[in-house]
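J.: What follows is a single structure, and I will ask about it in a moment.
The values are calculated or read from the model by the stated rules, or taken from the named source; none is laboratory data. Computed from a prediction, not measured in an experiment: that's the story for all the values here. So basically every Cβ, Gly included, is an ideal-geometry build from the backbone, and we count neighbours across all protein chains shown.
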Amino acid sequence: MEAMQNILTRNSPRELTEPLPSSKEMQEIYQAALRAPDHAWLRPSRFIEVTGKGLEKLSKIFVEFAKNEFKDVTSDQLEKYKAAPFRAPMIIILVTKVSEHPKVPKIEQMLSTATAAENILLALHAKNYAGMWRTGKFAFNKKLAKYFNLTSDHEVIGYLYVGTPSGSAKKIPKLDLDKFVTHWNE
């Protein structure tokens, strides 16, 4: 797919199904992810790829985390959290390994992982797959690291739900660039 067409047509689908990318395709997709801007070459981005029975493991983590960390969680909410990982055949957990650095603050390292995530979404789209990014209560919480057997210098910043788009595609709106772009030319 031509690069600009890929960027201009990428969209988060309503539904994702199988097939999912092969291991060989995912290797190339992760290589694309690691081309993200990375000040001082800290390589902060980490990815946990979840498929098959791993989705059940993630479901259990969501429920356990909610029971232990959320106040007044209802049984309906727990059911929603339990079902969440099964919305797609693959989930990529986006993790930033935060390093102490005098010139690269934590937020910049997290933004590098966010950029890596966009590269994943674009690479998936280029290969006729799709993904949608989710955050919510299971992201940006320091307590999450231990549930994923990560050290405290890791932070989950989101989840990419991955698969083949199904159902009707969302219409991509035409945006008025004047609402988003200011020109300084004097």
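J.: So, of the residues in segment 141-155 that are part of a loop (DSSP other than H, G, I, E, B) and touching a helix residue (DSSP H, G or I) at 6+ places or on another chain (Cβ under 9 Å), which turns out to be surrounded by the fewest Cβ atoms within 10 Å (Cβ to Cβ)?
T.: Selected residue: 151.
J.: Out of all the residues in segment 156-172, which are more than 16 Å from residue 9 (Cα to Cα) and in a strand (DSSP E or B)? Quick ask: steps written out before the conclusion?
T.: Narrowing segment 156-172 to residues more than 16 Å from residue 9 (Cα to Cα): 156-163, 167.
156, 157, 158, 159, 160, 161, 162, 163, listed by residue number.
J.: Could I ask something else about it? Taking segment 45-73 on its own, how many of its residues are assigned to a helix (DSSP H, G or I) and not β-branched (Val, Ile, Thr)?
T.: The first filter runs over segment 45-73 and keeps only residues assigned to a helix (DSSP H, G or I), leaving 53-69.
From what's left, not β-branched (Val, Ile, Thr): 53-60, 62, 64-69.
Residues meeting the conditions: 15.
J.: If you scan segment 148-186, which residues turn out to be at pLDDT below 95 and on the phi > 0 side of the Ramachandran plot?
T.: 167
J.: Report every pair of residues separated by at least 6 positions or lying on different chains whose Cβ atoms are under 6 Å apart, first residue within segment 56-71 and among the polar types (S, T, N, Q), second assigned to a helix (DSSP H, G or I).
T.: So the pair list comes out as 59/82; 59/85.
J.: Separate question: Report, by residue number, each residue of segment 74-119 that is part of a loop (DSSP other than H, G, I, E, B) and either surrounded by 15 or more Cβ atoms within 10 Å (Cβ to Cβ) or free of Cβ contacts under 8 Å to residues at least 24 places away in the same chain (or both). Break it down stepwise before answering.
T.: Narrowing segment 74-119 to residues part of a loop (DSSP other than H, G, I, E, B): 74, 88-89, 98-105.
Correct list: 74, 88, 89, 98, 100, 102, 104, 105.
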